[in-house]
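Asks: Sending over a structure as structure tokens; questions will come in a sec.
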Amino acid sequence: MRRTLYRYRYLILGVVLAAIVGQIAFGYSTASSQVDVSRGGVAGWPQYGRDQEGTRYTPLNQINRDNVAYLRKAWEYHTGDFSDGSDGRPETTFQATPILVDGVLYLATVYGRVIALNPETGAELWTYDPGVDATVERGEFANRGVSYWRAADPVQGRACERRILVATVDARLIALDAGRGTPCPDFGQAGQVDLSRGVDLGTYQADTQEYGVTSPPAVIGDLVVLGSAIGDNRAATLERGVVRAFDARTGALRWLWDPIPREPTDPAFRTWADGSARHTGAANVWAQLSVDAARDLVFVPTSSPSPDYYGGQRAGSNAYADSVVALRGSSGKLVWHYQIVHHNIWDYDLPAQPSLITVRKDDRDIPAVAQATKMGFLFLLHRETGEPIFPVEERPVPRSDVAGEQSWPTQPFPTRPRPLAPTTLSSEDAWGLSPWDRGQCQNLIKRYRNDGIFTPSSLAGTIQYPGITGGTNWGSVAVAPRRGWVVLNLSRLPSVTGLIPRARLEAGRPDLPDDATISQMRGTPYGLFRVPALLSPLGLPCTKPPWGTLLAVDTASGEVKWQVPLGTVRDLAPVPVPIRWGTPNLGGPIVTGGGLVFIAAAMDNYLRAFDLETGKELWKGRLPAGAQATPMTYRLGEDGRQFVVIAAGGHGRLGTDIGDSVVAFAVPSVARTCWRSPWPRRFALLGCCWSSC
């Protein structure tokens with residue numbers, strides 16, 4: 001036997017080498033030999049979060065760990081809607097996630113213009129322009145996407161049996177025929193509903209420059225449900241942050257729910273001292289809603305009452321603000337609520353879509369809600385009752401030292417998962433490129449009040465950590481259902497906030513840091529100043545890297561499975577040095593059946609793919625601008641290619657490169673042939689595949 005092996009040693013060696021080359025060239029492994037579980041036609045992305053539950057998961061696995069390195073740009077489309085500020089218009093932010101329904105790709109631009117594209121080529125099929133005034137400065141100028149509704153009993157050839165629904169930043173809900181892009185005449189007034197009507201509070205009238213919608217509506221049956229975005233910190237009395245459901249056919253209002261209880265008969269009314277619920281606005285739902293159609297539930301993440309940073313005129317815990325709320329989809333009636341932040345005076349509103357997941361605990365499957373937060377906390381709640389799946393502790397937090405403020409003495413802290421972002425910062429934690437730089441940061445940290453997370457704003461200024469943008473923001477989480485994991489991205493950057501006595505504010509600009517912005521908070525004794533990031537004189541964060549991370553959490557145990565830096569300083573530094581320090585990020589991840597996590601979000605111009613199992617970066621594709629958006633993926637036809645698509649238009653406030661691109665990536669057909677071929681054909685195609693010919 002030994003002699004026989006010796007005789008054929010060169011042949012055996014050749015076979016082994018060929019096998020190794022085959023693995024490298026074609027990505028052959030257990031993962032790549034799996035069947036594409038979603039084969040059998042178009043595999044779309046029909047909702048903003050891929051499904052009504054907001055999981056951002058697709059079973060598609062044509063692109064997987066072994067062939068993701070072959071991804072190349074397939075096409076690029078330019079919307080034409082952008083501004084870098086040089087033309088007098090506000091700098092834009094392109095946050096949209098397209099949807100793919102009935103073989104057509106639909107998206108909305110920052111100005112609310114709806115575009116239908118051929119998903120194979122990126123060719124434009126039709127566009128609709130709602131005429132949003134692009135010159136108006138708004139508290140939030142964004143549009144994250146569109147929604148789709150289809151009649152249960154469609155009539156062949158009748159217009160508007162399939163509708164694209166878009167809500168605009170100037171407070172309109174518009175229904176378009178999905179095939180033509182024309183307004184549906186039977187919806188509202190000539191295809192539009194005016195959302196600014198019925199949201200004023202007392203004598204305060206809605207300001208459509210500051211009241212609008214930035215996230216796509218949710219659809220449950222024949223109802224279109226949506227919240228609103230309201231400009232923060234303008235006054236104590238702002239617009240009502242109502243959640244409303246409209247008839248998808250007629251645009252008629254079907255129900256309304258107010259996150260601030262207005263009547264004494266509501267049990268939550270007594271959580272607002274001195275009847276303050278009657279004159280407080282906002283607590284609006286600006287993030288995406290989720291739907292459990294089988295249970296007839298709509299899940300809404302509410303935000304801060306007005307104003308965000310001073311609550312002296314709304315003492316109490318302020319239910320139902322800053323809560324995960326379950327509403328009956330058919331009626332809008334409250335089913336349950338769970339408050340994440342009591343008496344919010346940090347702008348720690350709920351920015352993320354609640355993702356509906358299944359948690360495996362004590363040998364049983366629990367229907368759950370995963371709610372990411374700006375604090376870097378992840379709450380796991382029972383979907384039917386709102387009860388925490390793991391214990392949540394009410395812990396003492398710092399008290400306010402500002403006259404008139406009655407901060408709440410405790411806040412909820414989940415015990416599992418533990419906080420995913422740092423919550424304390426001392427001068428010893430200061431970071432810098434040199435001893436001088438670090439020393440300057442130490443002085444900055446000592447200058448401001450700094451007692452850990454939930455330290456209230458003070459007259460001298462307070463360090464807020466995590467800062468203004470989080471933690472996790474509107475990117476939400478992505479679900480890996482087979483593992484029971486959720487994947488999310490976090491920013492790790494402190495900011496500074498402070499209150500300015502009204503008399504000093506009205507006497508002239510007070511002595512504030514150079515990069516501070518001021519909000520009036522009219523009707524209160526104070527104005528507000530904010531510094532978005534605590535930076536050294538060299539312009540670098542005063543905290544050690546990473547400044548942004550991507551991580552996976554096991555929902556069964558609450559343990560972090562892996563955590564890696566997200567992003568490099570390549571597009572921020574004077575020279576393009578790709579140091580993996582992580583960056584602050586806006587946007588979110590998706591998870592695929594190919595064992596991949598796709599995400600952009602960081603402050604460099606890349607879309608990345610990570611190994612779901614380990615967090616290792618496997619691929620990155622260069623983009624023409626920043627991509628502060630969430631990607632999506634789809635496959636066209638049984639034998640068609642899988643595409644990954646991202647909006648790359650940058651974010652004016654974050655300071656990334658501005659543009660107007662929608663970019664699609666796919667594995668070239670030859671590489672896919674190599675990957676899917678049986679062993680003999682793999683060897684036959686070796687040279688061609690290796691050279692990508």
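Each reported figure results from applying straightforward, stated rules to the coordinates on display, with no laboratory input. Predicted, not measured: the structure shown is a model, and the values here were computed from it. Glycine also receives a Cβ, built like all others from the backbone with ideal geometry; neighbour counts cover every protein chain displayed.
Asks: To the nearest 20 Debye, how big is the dipole of the chain about its Cα centre, given +1 on the beta carbon of each Lys and Arg and -1 on that of each Asp and Glu?
Replies: 2480
Asks: Kirkwood Rh over Cα pairs of the range 306-348 into Stokes-Einstein at 10 °C, 1.306 mPa s: D in µm²/s?
Replies: Roughly 140 µm²/s, to the nearest whole number.
Asks: Starting from a Cα-only point model with no solvent, please compute log10 I(q)/I(0) by Debye for the chain at q = 0.11 1/Å.
Replies: With no solvent term, the Cα-only Debye profile gives -1.14.
Asks: Still on this model: Would you please state which residues of the range 518-535 a label at Arg504 would reach in this model, taking the label point 7 Å out along Cα→Cβ and a backbone N cut-off of under 12 Å?
Replies: What the label zone holds, given the 12 Å backbone N cut-off, is 526-529.
Asks: Also, I was wondering about something else. Report the far tail of the P(r) of the range 248-325, meaning the percent of Cα-Cα pairs longer than 21 Å.
Replies: 35
Asks: Any chance you could run the full-extension gain for Arg580 through Arg360? It's 0.36 nm times the residue separation minus the Cα-Cα distance, nm to one decimal.
Replies: Gain on extension, Arg580 to Arg360, equals 75.8 nm.
Asks: Just want to confirm a number: the relative contact order over the range 297-371, from Cα pairs under 8 angstrom separated by 6+ residues, in percent.
Replies: Working: 139 pairs, mean separation 23.8, N = 75.
RCO, the range 297-371: 32 percent.
Asks: Three principal axis extents, largest first, for the C-alpha atoms of the range 142-265, in Å?
Replies: If we take the Cα atoms of the range 142-265, the spans are 51, 33, 22 Å.
Asks: Mean Kyte-Doolittle of at least -0.5 and a Cα length of 15 Å or more along the axis: which whole DSSP H helices of the chain meet both?
Replies: Helices passing the filter in the chain: 9-26.
Asks: Can you give the charge dipole size of the range 360-512 about its Cα centre, rounded to the nearest 20 debye, using +1 on the beta carbon of Lys and Arg and -1 on the beta carbon of Asp and Glu?
Replies: The dipole magnitude comes to about 300 debye.
Asks: With no solvent and one point per C-alpha, what does the Debye sum give as log10 I(q)/I(0) for the range 465-590 at q = 0.10, 0.14 Å⁻¹?
Replies: Normalising to I(0) and taking log10 leaves -0.45, -0.75.
Asks: Given Cα positions, please report Rg to Rh for the range 66-204, the hydrodynamic radius being the Kirkwood one.
Replies: That ratio is 1.03, to two decimals.
Asks: In addition: Which value in nm describes the separation of the simple spin-label points at Arg262 and Glu393, placed 7 Å from the Cα toward the beta carbon?
Replies: 4.1
Asks: Now for a separate question. In whole Hz and in residue order, list the ³J(HN,Hα) couplings for the range 449-458 that follow from phi through the Karplus curve 6.51 cos²θ - 1.76 cosθ + 1.60, θ = phi - 60°; x for Gly and Pro.
Replies: Going residue by residue, I get 5, 7, 10, x, 4, 6, 6, x, 4, 10 Hz, with x marking Gly and Pro.
Asks: Between Val560 and Asp87, what length comes free when the chain is fully extended (0.36 nm per residue of separation minus the Cα-Cα distance, one decimal in nm)?
Replies: Length gained between Val560 and Asp87: 165.7 nm.
Asks: Quick one: length gained pulling Lys73 to Asp429 fully straight, 0.36 nm per residue minus the C-alpha distance?
Replies: The Lys73-Asp429 span can extend by a further 124.0 nm.
Asks: For n ≥ 4 DSSP H runs only, could you compute -39500 (n - 2.57) per run for the chain, divide by its residues and tell me the 222 nm figure to the nearest 500? Write down the numbers at each step before the final one.
Replies: On the way: 7 runs with 62 residues, N = 693.
Computed mean residue ellipticity for the chain: -2500 deg cm²/dmol.
Asks: While we're on this one: Report the equivalent ellipsoid semi-axes for the range 542-648 in whole Å, largest first, defined as the square roots of five times the eigenvalues of the gyration tensor built from alpha carbon atoms.
Replies: So the three semi-axes of the range 542-648 are 24, 20, 10 Å.
Asks: For the chain, build the charge dipole from Cβ charges (+1 Lys, Arg; -1 Asp, Glu) around the Cα centre, then report which of Pro537, Gly188, Val132 sits farthest towards its positive end.
Replies: So the residue furthest toward the plus end is Pro537.
Asks: Along the charge dipole of the chain, pointing to its positive end and built from +1/-1 on Cβ of Lys, Arg, Asp and Glu, which listed residue (Trp257, Ala159, Phe246) has its Cα farthest out?
Replies: Result: Ala159.
Asks: Further, regarding this structure: Would you work out the relative contact order for the chain, in percent, from Cα pairs under 8 angstrom that are 6 or more residues apart?
Replies: Worked out over the chain, it gives 14 percent.
Asks: Something else now. Using mean Cβ contacts within 10 Å as the protection proxy, how do 511-517, 635-641 order, highest first?
Replies: Details: 511-517: 11.7, 635-641: 16.4.
Final packing ranking: 635-641, 511-517.
Asks: Right, here's the next one. Per the Kirkwood treatment, what hydrodynamic radius in Å, one decimal, follows for the range 456-536 from the mean inverse distance over all distinct Cα pairs? Before the final figure, lay out each step's value.
Replies: On the way: mean 1/r = 0.0683 Å⁻¹.
Taking every pair of different Cα atoms in the range 456-536, averaging 1/r and inverting gives 14.6 Å.
Asks: Of all the Cα-Cα pairs you can form in the range 404-507, what percent are over 21 Å apart?
Replies: Of the Cα pairs, 51 percent sit more than 21 Å apart.
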